[in-house]
1. With contacts defined as alpha carbon pairs under 8 Å and 6 or more residues apart, what's the relative contact order of the chain in percent?
2. Give, in nm to one decimal, the length gained when the segment between A143 and D203 is fully stretched (0.36 nm per residue of separation minus the Cα-Cα distance).
3. Among Q82, L171, W63, whose Cα projects farthest towards the positive end of the dipole of the chain, with charges put on the beta-carbon of Lys, Arg (+1) and Asp, Glu (-1)?
4. Order of 167-177, 41-51 by packing, highest average Cβ count within 10 Å first?
5. Normalized C-alpha radius of gyration of the chain, against 2.2 N^0.38 Å?
6. Run the dipole for the range 29-98 about the Cα centre, Lys and Arg Cβ at +1, Asp and Glu Cβ at -1, nothing else charged, and hand back the magnitude in debye, nearest 20.
7. Compute the distance in nm between two label points, each set 7 Å from the Cα along the Cα-to-Cβ direction, one at M19 and one at T107.
8. For the range 90-228, give the magnitude of the charge dipole about the Cα centre (Cβ charges: +1 Lys/Arg, -1 Asp/Glu; no others), in debye to the nearest 20.
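Coordinate-derived values only; no laboratory data. A quick note: this is a predicted structure, and the numbers were derived from the prediction, not measured. Cβ atoms come from the backbone with ideal geometry, glycine included; neighbour counts cover every protein chain shown.
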Amino acid sequence: MAMAAPWATIMATGIFISMAEDRLLLWQWLSPAFPIGAFAYSQGLEQPMATGAVRNIADVEAWVTTTLRFGSPRMDAIFLAQARAGADPDLLSDLLLSYATCPERETELLDQGRAFAALIGTITGKTVSIRPYPVAVGLATRALDVPTEEVLSLFLHGAAAQMISAATRFLPLGQSESQALLSRLAPLFTQLATEAATASLDDIATFTPGADMAAMRHETLEVRIFRT
């Protein structure tokens, strides 16, 4: 019995170290600084900014919040959770691409997925299959001892940060108000992550016609800063 406490402490410490290291890896992989080219995409936001439909921080907040709740980020989170849970990656990849509303959206999914898989392969030394980005993230994070809800929260945080960063570069927005907006969205990330973690493929749906039309019209802009 005298040895029980020390061994329990050692085991608990070992588990903590393992989770802490995996969590650090997760933060690295889903950081906006992870070089998969996310900075080059606005998820269709450039088009309404160019036409003046989105012109200030309030407009950006409304756009990002609506997109997160009802658009592609929510759907992508469900696909990520399904991939992490062991669903067929071929089925998930084909189904996700079938939901792409325009060629630019499909390009964004594939290009970021390809870059993510290549970089994870370089870091880990393991072969990572090329999949659309959310599916690739789900597959890569299977080995991490981190709750799925946490993976999804960081994934959604990255999607929001991508749009807010695009707005900060395009509009006269300050870094402080952009970061304040990202902070205000934290409860939404956790809420959507909890929902996506327990959702099934039958729960996949989007309803953001304005964002979808903006993404379709983006390629017709005479001057474009972003690829989507």
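1. This gives 37 percent for the chain.
2. Computed gain between A143 and D203 is 19.0 nm.
3. L171
4. Details: 167-177: 14.5, 41-51: 23.0.
The peptides rank, most packed first, as 41-51, 167-177.
5. Here the answer is 1.09, to two decimals.
6. Working: 4 positive and 7 negative charges, 44 e Å.
That gives a dipole near 220 debye.
7. Roughly 4.3 nm, to one decimal.
8. 440 debye
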